[in-house]
1. Among B:Gly362, B:Ser40, B:Pro488, whose Cα projects farthest towards the positive end of the dipole of the stretch B:2-503, with charges put on the beta-carbon of Lys, Arg (+1) and Asp, Glu (-1)?
2. Can you run the Rg to Rh ratio on chain B? Use alpha carbon positions and the Kirkwood inverse-distance Rh.
3. State the dimensionless ratio Rg/Rh of the protein assembly as shown (Rg: radius of gyration of Cα atoms; Rh: Kirkwood radius).
4. Can you give the convex hull volume of the alpha carbon atoms of chain A per residue, in Å³?
5. Please sort by residue number the chymotrypsin sites (Phe, Trp or Tyr not before Pro) in the stretch B:269-318 whose DSSP state is loop and whose Cβ has at most 16 other Cβ atoms within 10 Å.
6. Based on the mean of other beta carbon atoms within 10 Å per residue, what is the order of B:393-403, B:187-197, most packed first?
7. Given a Förster distance of 56 Å, report the FRET efficiency between A:Arg156 and B:Val31 from their Cβ-Cβ distance, rounded to the nearest 0.05.
8. Taking the simple approach of a point 7 Å from Cα along Cα-to-Cβ for both A:Ser201 and A:Glu486, what is their distance in nm?
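Laboratory data are not the source of any read-out in this text; all were calculated from the coordinates shown. These numbers were taken from a predicted model, which means no experiment stands behind them. With ideal geometry, Cβ positions are generated from the backbone for all residues, glycine too; neighbour counts draw on all protein chains shown.
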Amino acid sequence: MDSALPNLAALLPVLLLAFTGLALLLVDTISPDARSNTSMAVVGAVGSLAALAASVWLVVAGSGEPITLLAEAIKVDTMALFFTAIFASVTALVVVAAHDYFHDHPSPAAFYSLVVFAATGMALLAAANSLAVVFVALEMVSLPSYVLVAYLKENRGSVEAGMKYFLVGALSSAIFLFGISLVYAATGSLLFADVAEGIGSLDGLAGVAGIGIVMIVGGVAFKTASVPFHFWAPEAYEGAPAPVSAFLSSASKAAGFVVAFRLFTEAFPVGASPAIDWVLAFGILAAVTMTLGNFAAAVQEEVKRMLAYSSIGHAGYVLIGVAALSQGSSGNGAVMGAAMAHLLVYGFMNTGAFLFVAMAERWGVGRTFEDYAGLAKRAPVASTAMAVFMFSLAGLPPFAGFFSKYFLFMGAIDNGFLWLAAVGAVNSVISLYYYSRVVKALFIDDPASSSALDAIDVRPTGLYAAVVFAAVATVLLLPGFGPVIETAEAAASALF
Amino acid sequence: MILEALIGVTFVAALLVLLAPDAWAGRLAFVLSLLPFAGSLYLWSGFDAAGNALKGGDIAYATQVEWLEVGGRTVSWFVGLDGISLPLVVLTTFLVPLAIVSAWTPIDARQSQFYGLMLFMEANLLGVFTALDFFLWFVFWEAVLVPMYFLIGVWGGPRRKYAAIKFFVYTNAASLLMFIGFMSLTFALGDSVSSFALPEITGAIANGGLGEFFGIAGGQIALFAFLAMFLGFAVKVPIVPFHTWLPDAHVEAPTPVSVLLAGVLLKMGTYALLRFNFTMLPEQASALAVPIAAIAVISVIYGAMLALAQKDLKRIVAYSSVSSMGYVILGLIVFTEYGVGGATFQMVAHGLISGLMFMAVGVIYNATHTRMVGDMSGMADRMPIAVGILVAGAFGYMGLPLMAGFAGEFFIFVGSFAAPTLPYAPVFTALAMFGIVIVAGYLLSAMQSTLFGPFEIETDYDIGPAPFHDVAPLAVLLVAIIVLGVAPDIFFEMIRDAAVPVVEGVTVDG
């Protein structure tokens, strides 16, 4: 990049998020006893939008060449900025929605700084170029997340979910770290490029490196809520406050995937070592994850739990982005780029869906499909937005979810993975069943009793704004899908 | 840019109506829906297309702007009109204002949402008939389903939930099948196309561009694609045995929704069959001519027999739509100028006539709150004008000369008698013609027992002449049907112009 800016400017989005987190702590100390919900939300939203603007600007104005910093431990490229944009958008939506969700919480302030610090960790994770940075950033994401899940400390479900999440998370962190150490033992480096070189010339250490990679796959599966480390997800998403569920299932999942995308292209490229064929492993994981997530979602009675399982199903779709790679194929960038674009669209539609659940929790209408019956009569705008999210998650054509899924499956077919695309398409059809149940409940079913709708007594502005904005983005990403997919494909192709 | 304006204005109108208060949403929707109608008349007046849009003809009002790129092929915003799509665009913009007026009486809850969804559906229907890029077309095609699902599910009759979900599941499963079929075609075409534009794909297939994919020969893929798309569209049309969603949807849907469902939505299926199956893959179509013609004739006869057995007036009209669509399929498969042209003409004619029938039944239902044949008699006594128009429409259905239905069916029979590719064409034609006799049978008997004879009905409602705004759309439709029957050339000229390239080059097989 031949410009007057120092290279450090490439870290601008990460730094903006970090400073926002610090600023939030500062705002809270100005009057620690007052409930400063509004000012916190404003600062958090402005900060994350600034980070979003900075990352978009760097993509548009930058040359596309990666910038490495701190002895190559950090590499800011288009992929890092693309994911930072996802994290920042989700953070902004969640922070705005939280303003109303925590309206009667005694101390809402810590929530905002925890969310923004977790987002900082994610942005750093997206730019990591060394296994050490990956681990540190991953912990930076995980630790605030545990607290956030258990944020309603008077609520048994929330605390229980936090505990489960923490125990599984701690275990998977340990496994991940052990995997890193084994890879280091086998290759003698933590930098991705050097690891890739070392993988190519393993002398009798293929077994050690192989076990290390398997353990790292386990860590990634935990973070992305994929089989076989998905058990925590339904519990945590259901028990957590809904804005936190939105944050974890959209942003945190994307953070897990950026690690996977980077590690399995730069550190352990396809076919670098004939002994370690992880492509098939990911293929099976993808197929099992999407099937399990979709079938489990189909039998749920509670909307939030259904969304939790649907989020596992979507992790399976995105895993195609890693599973459908083949050595030297020109279609690798396309399929991984499509997976990235799906994560971006998913960031809006899934966050929006969970925020609608947050709104229902705010009203106190109940949790099951029956409790949602007839909500459209009293809250038509929010219900329409929810219908948009549901249809888009199912992949129906008038919405952005159709294109992102289509590109993903086509990319897989072009790369010779017809079976993965077929499994994905079948699962998409199944998913239409349970997503349309929500729409049917909202619009077509009659409320259980005539007083059931009286619970809707407030119009929380922040929640409405966030939900409507997410819906508008979900619709507009259909006509505007061109730049998104082009950026994503360019970013992914640069890794091969 | 005029087509974009047409679709855009309709979208904006839908938004405005959604935001309007319930009290005058219906009036506003009617006034705004006249704008697209005026627009389509303007399009008609300046229409200068020649030939078939997919076969390299001159496309009227074409715009093509690149949208995005996938797998080396561009997806673009590509819209335009030819002699096949313009009549359907005019039909859509003509029927929607009338359907909106016919909703003023029956729709009494959540009006602004109802009319907003109607206009939203119109915008997407216009998109379906004008799009010339597969992806663009598919987006509009699916976007029609969403408002329809709500229109049936929210404002429908007692079993509306069942009907709405059945409609949604059937048509979505069909869309998926069709999508897979089309995608297999594009994969088999490989590098011989650089976009998803329908004219380019049609041209590439005609030039033998279909190659091998995953070890399957191009010819077999084309056959698979033809069958998948045919089944997908057959649900939409609907063709026996995929018709079971239609009576449920029609009976539960409120009158104005039935009007659009029968008048325009069913034509999406036949339009797509003509564009995709019969224009793109004529070889496969003529190879399968006998089974398809058999299905068409079965649809005609079986649909009519089912109608004969019904007691609900709406079910009678619904099943007779199945029968009428059978004629359209027969016209398409024979691959003659008059067959294909007549089928397209019949789409428009049937759109008007079935719209009239559903509307007239709705007007009677508004007054009596029953549609059962046995429940009433002598309605002509109390509602002379509405009943008079209903009788005229029924005669149109039976194919009375000088009405649109006669022209359409006559063209189809002329075309199908002389079919070059279809063996035993006269036999198929004769069997199909027999359907008209059954139509006359059930319509006459239903009308005789409900409309004529001594006035008798057990009801608490006071039954008098229908209000002006219920009858006016009926009269307008009847006038249109007669005009089109007297002077079919106002549409048939351009339809024939676009149908000839489809027929050319299809020769007898073996």
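1. Most positive-ward Cα: B:Gly362.
2. 0.96
3. So for the protein assembly as shown, dividing Rg by the Kirkwood Rh gives 1.01.
4. 127 Å³
5. Sparse-neighbourhood loop chymotrypsin sites (Phe, Trp or Tyr not before Pro): none present.
6. Result, highest mean Cβ count within 10 Å first: B:393-403, B:187-197.
7. 0.45
8. 4.2 nm
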